[in-house]
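Q: Sharing a structure below in structure tokens format, with a few things to ask.
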Amino acid sequence: MSENSENSETPGTRPAGANSSGGAPTPPGPQPEPIRFFGTTWVDHDGGYGWRRVGVAVGSLVTAAVACFVLRFAFQGLEIAEVGNLIGMLVIVMFAVCSAIAFRKTWEGFGARPKDPVREDTLRGLKSIGFIGSLLAYFVRSLIEAPGEKLRRTEYETARAQFEKRRSTRTGNPAARKRPKRR
């Protein structure tokens, strides 16, 4: 049998008792989606969640500052090459606009899944030029919550509610039946 035919569960769910680490059994139903740098600690705010938020905030701010410092060296290289004031201003404007767009798109990505993934792929180059904006979006968002936590929490809670509703209303489900009292 192929692997797909054996796994009849919906994506993001595991059968009851399945656990890849060999520890406690995993509860049935949808599992939380891990967030970069946080894993699944965002669900219960455990496992060093607070320290991770501080680390992401400080790390993204320091990385943005170092990136600005490196860009300053690049701009000085343009001044040494004497390319002219117009080119220097165009470079500054390009980085500012790209950073603003990257900030906005990164911030929007924390609140909703992209409606058009193809368009997001076309913006990848622009976002990589404006990486400082993305870093600043991570910094600001990590002051509030783990970046993307609100979106993931909403999706996870909706999936859990749907799972529980399906499980309790499904006919013939022995786990949802109330057992009669024995005499």
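Q: Under the Karplus relation 6.51 cos²θ - 1.76 cosθ + 1.60, θ = phi - 60°, what is the ordered set of whole-Hz ³J(HN,Hα) values for the range 91-107, x standing for Gly and Pro?
A: Once θ is set to phi - 60°, the couplings for the range 91-107 become 5, 5, 5, 4, 5, 5, 5, 4, 5, 5, 5, 4, 4, 4, 5, 5, 5 Hz.
Q: In terms of modelled amide H atoms, which long-range or inter-chain residues lie less than 5 Å from the amide H of GLY29?
A: Hits under the 5 Å cutoff: ARG14.
Q: Quick check: from the Cα gyration tensor, does the range 19-123 come out rounded (a/c under 1.5), prolate or oblate?
A: Taking the square roots of the gyration eigenvalues as a ≥ b ≥ c, the range 19-123 is prolate.
Q: Report the rotationally averaged projected area of the range 92-149 based on its alpha-carbon convex hull, in square nanometres.
A: Its average projected convex-hull area is 3.8 nm².
Q: Which shape class applies to the range 45-86: rounded if a/c is under 1.5, otherwise prolate when a/b exceeds b/c and oblate if not, where a ≥ b ≥ c are the square roots of the Cα gyration tensor eigenvalues?
A: prolate
Any read-out appearing in this document is the output of simple, stated calculations on the displayed coordinates, not a laboratory observation. Remember, predicted model here, so these are calculated numbers, not experimental data.
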